[in-house]
Amino acid sequence: MSTKRIAPSILAADFANLQRDIEMVNQSEADWFHIDIMDGVFVPNISFGMPVLKAINKHATKTIDVHLMIVDPDRYIQTFADLGANVLTVHYEACTHLHRTLQAIKAAGMKAGVALNPHTNVNLLEDVINDIDLVCIMSVNPGFGGQSFIENTYTKVKKLKALITEKGATTEIEIDGGVNDKNAKALVDAGADVLVAGSFVFKSENPTETIQNLKNIVS
C-alpha cells in the first residue's frame, strides 16, 4: 500500500496571498493540492473557476486533485485536463451516466474520482468500483469549509474498504471535510488513503507544521 497522503484544500487558503499559500504547500510535507470547484447549483456556494485553477497550476509543483461540486460535469472534463488537473473527481449525485463520465475522465489522461455526499450509500458504487481510481467520502455536507465532522464517516470508510477488497479493486479512499489531528489516525485505520484538510491547515498558526504533524500521525 502506498503511503498515506495529505491534501490541503485551497478553498481555505488566503486568496489575497494565493501564491504565498501555494508555495507553502509546495515546500511542505503535503502530497496533493485539493481544489474545490463549486457552481452554486449543485452546492449552495460558489468557489472559483478556471482562471484561478490556471493561476494555481502555474505555481503548484504537486499533484492537482480537482473536486467538481457542479451539475453536468461532463461538459468540462477536457477543460480541466487542459488546465492541469491530475485527478478529477465528480459527484455520484451529479452524474446520470457515471460509467461513461469515468471513461471520459480517463480518456482525457486524468485519474477518475467519485465523491459521495454524506447520505449516499457506498454500495451504489458496487458496479463501477473497478473503474474508479479514487472515492472521495464527504465527511461534512459539501459547499462550505470549516464544518464539523460527521461521525458516521468511520463506518462508511470501513464499508467502502470492504467493497474495494471484495471486488479486488485498487481504488483509493479520500476523506474530505472536518479532518484534523484528532480524527486523522482513526480515518487511516478505517481504510483512508488521502486526507483533505482545509481550515485546520490554513487557519493554524503554522500551516507547514500542521501539515507535518498530520503526516506524522498517518505515516
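For Lys158, the lysines whose Cα comes closer than 28 Å to its Cα, not counting residues fewer than 8 places off in the same chain, are Lys4, Lys106, Lys111, Lys167, Lys182, Lys185, Lys215.
Classify region 34-110 from the C-alpha gyration tensor, please: rounded if a/c falls under 1.5, else prolate or oblate depending on whether a/b exceeds b/c.
Working: a/c = 2.15, a/b = 1.19, b/c = 1.81.
Since a/c reaches 1.5 but b/c is at least a/b, the shape of region 34-110 is classed as oblate.
Calculated [222 nm] ellipticity per residue, helices only, for the chain: -9500 deg cm²/dmol; basis is -39500 (n - 2.57) per DSSP H run with n ≥ 4, divided by all residues, nearest 500. Here the Karplus relation 6.51 cos²θ - 1.76 cosθ + 1.60, evaluated at θ = phi - 60°, turns the backbone of region 129-139 into coupling constants of 4, 6, 9, 9, 7, 8, 10, 9, 8, 6, 9 Hz, with x for every Gly and Pro. Normalised by the number of residues in the chain, what is the relative contact order in percent for Cα pairs under 8 Å and 6+ residues apart? The normalised contact order for the chain reaches 22 percent. Over region 178-219, calculate the relative contact order: mean separation of alpha carbon pairs under 8 Å at least 6 apart, over the residue count, as a percent. Contact order relative to length: 51 percent. A viscosity of 0.692 mPa s and a temperature of 37 °C, combined with the Kirkwood radius over Cα pairs in Stokes-Einstein, give a translational diffusion coefficient for the chain of 192 µm²/s.
Reducing region 174-219 and region 56-101 to their Cα centroids gives an inter-centroid distance of 23 Å. For the pair Lys54 and Thr170, label points projected 7 Å from Cα toward Cβ lie 3.4 nm apart.
Each reported figure results from applying straightforward, stated rules to the coordinates on display, with no laboratory input. Note that this is a predicted model, so its numbers are computed, not measured. No Cβ is skipped: glycine too gets one built from the backbone with ideal geometry, and neighbour counts run over all protein chains shown.
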